[in-house]
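Here is the structure we will look at.
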Amino acid sequence: MNTQDYNRKQFILASKSPRRLALLNNIGIEPAGIIASDVDEILPIGGDFLKPYQVSMYFALCKGADVVRQFESLDRDNPPDLENAKRLDESESICHGDLRKSQNLFDSSVAILAFDTIVVCDDEIIGKPKDEDDAYRILSLLRGRTHEVYTGCYLANLPTRNDKTDEGIQNKSNHSINQATQKMFYDKTIVTFSHYEDDEIWDYIGTGSPMDKAGAYGIQTSWRRNIIGIDGSMSNVIGLPLEKLQEELGYF
């Protein structure tokens, strides 16, 4: 799928991360909407037996399914007034007003893109830090060591309300997760940190940057100086494996 193919499809990004949005823009995808999920990242009973890559895909699936339900709740016959819609603040979890391409969104094929990134070290699955002390604990754990970064990806290509049944009768039902073509995949990157001092950790925490990132760091931030080895996709560490996504979209 090339850039022109991307432009013919309507994408909904299931994330309010400005980093993921920027990465999509880099490959020519400008989402028609942003509907962020606020599901709790809690494994179900028995989930402790999942491997890290399965955990990342499971959480991506949970986010994607939640956004499909949110999308279904929109008034399809009276879409948002796109001319006057105001972009919501990043702190808002749902950006229905960001459906900005056209009201034809509800009559076209819609693809949901959902992602979840985790860091793994010593078999511990590490997400975003709970607070500054947790950020310090995480960065202390990773100091001078090699860890793995997994990003699980979920794609759902939803049928439109104008899709027809096998009998040629127009299907008036909502976009539905049960009718969707779905795909899950993941990417893995191995990252090695240098031996840094405690003062560097606290200075970085003081910037606020670690608090919204899996593993309490951003490879695209000033913390990059403490990374001495990367094996795999750098964009995967940021939160969206571009190379893998482009490959999978080609078959979607």
Residue-wise HN-Hα coupling along region 222-237, computed from phi with Karplus coefficients 6.51, -1.76, 1.60 (Hz; x: Gly, Pro): 4, 5, 3, 5, 9, 9, 10, x, 9, 10, x, 6, 6, 5, 4, 5
FRET efficiency for Phe49 and Arg224, using Cβ-Cβ distance with R0 set to 41 Å, rounded to 0.05: 0.75
Cα-Cα over 28 Å, subset of Lys188/Lys213; Lys130/Lys183; Lys213/Lys244; Lys51/Lys213: Lys130/Lys183
Stretch gain in nm, segment Lys130-Asn157, where the contour uses 0.36 nm per residue and the Cα spacing is subtracted: 6.4 nm
Net length gained if the chain between Arg137 and Gln182 were fully extended (0.36 nm per residue, minus Cα distance): 12.5 nm
Total formal charge among the other residues, if their Cβ is under 15 angstrom from that of Gly229, Lys/Arg +1 and Asp/Glu -1: +3
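Which FRET efficiency value, to the nearest 0.05, is calculated for Val39 and His195 with the Förster distance at 41 angstrom and r the Cβ-Cβ distance? It would help to have the intermediate numbers written out before the result.
Details: r = 37 Å, r/R0 = 0.91.
About 0.65, to the nearest 0.05.
Just so you know, all these numbers are worked out from the coordinates, no wet-lab data involved. This is a predicted model, so every value here is computed, not measured. Positions of Cβ are generated from backbone atoms using ideal geometry, with glycine treated the same way; all protein chains shown enter the neighbour counts.
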